[in-house]
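Note sheet for the following structure.
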Amino acid sequence: MAKREKMSGTQRRTAQQQEKRNRRLSGILIGVALAAVFVYILWQQTVGSPTLSAIDVPDPVLGAADAPIEIVEYGDFGCPACRGWHNAGILAQVEQAYGEKVRFVWKDFPVVTPYSPKAAEAGHCAASQGKFWEYHDYLYESTTNLRDGGLKAAAAALGLNQTEFDACLDSGQMAGKVQANDNAARRLGIRGTPGFTFNGQVLAGPPSFAQLAQMIDAP
């Protein structure tokens, strides 16, 4: 009789220990689930909730896809140095001198002003109507107003479909593309704008036409 009571006590202790382990395991699983939810929410806040994947939105390009030389600009529509490089006409000189030998690619690096990220989105909204370069030129040459109203006014001045442009800009559907380009610039170690790569190599600073010509002509 005494032996049966001792075994019963052991069984109770075993059951209690198992219950404690189950509670600990449940607590760990709940903690992991809450952490996953927190990370997802933080990610959504960081990159937004665009309706288009970044890989669905091509980078704006000038020149042939098979050009042997590729120059990439990481630019910001709110950047005075970017505006200066554009207005110096260096890209136009490269196009005139080298034609289809050079492929020029625009990527966003909107770090200078609080309005730069939205202006970058606006560029892609214009690109969705086939008007990126016209919009790019207008922002650098004809306005410094990068608030939403200024960005929409630029679209109107260029004759874009205003309803489509406004819907694109207001929805933030291009935010993922802008963030992807921003991330790419940071991975390359680009510190300021305008940043440039020449056939994948990061340049020390904004290049002059003479510098680009020397690199293009190098054997």
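Here are the numbers for the structure shown:
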{"item": "Sum of side-chain charges, PHE132 neighbourhood, beta-carbon under 14 Å (Lys, Arg +1; Asp, Glu -1)", "result": "-3"}
{"item": "Measure of compaction for the stretch 56-217 (Cα Rg per 2.2 N^0.38 Å)", "result": "1.00"}
{"item": "Integer Hz, Karplus 6.51/-1.76/1.60 couplings in order for the stretch 159-172, x for Gly and Pro", "result": "x, 6, 5, 5, 4, 5, 5, 4, 5, 4, 5, 5, 7, x"}
{"item": "Net charge, PHE104 excluded, C-beta distance under 9 Å - Lys, Arg +1, Asp, Glu -1", "result": "-2"}
{"item": "Spin-label model distance (nm) - GLN211 vs GLN93, 7 Å beyond Cα toward Cβ", "result": "1.2"}
{"item": "In nm, spacing of pseudo-spin labels at ASP59 and THR144 (7 Å Cα→C-beta vector)", "result": "2.9"}
{"item": "Kirkwood Rh and Cα Rg combined as Rg over Rh, evaluated for the stretch 121-180", "result": "0.92"}
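Each value in this text was obtained by applying a stated rule to the coordinates, not by laboratory testing. This is a predicted model, so every value here is computed, not measured. Positions of Cβ are generated from backbone atoms using ideal geometry, with glycine treated the same way; all protein chains shown enter the neighbour counts.
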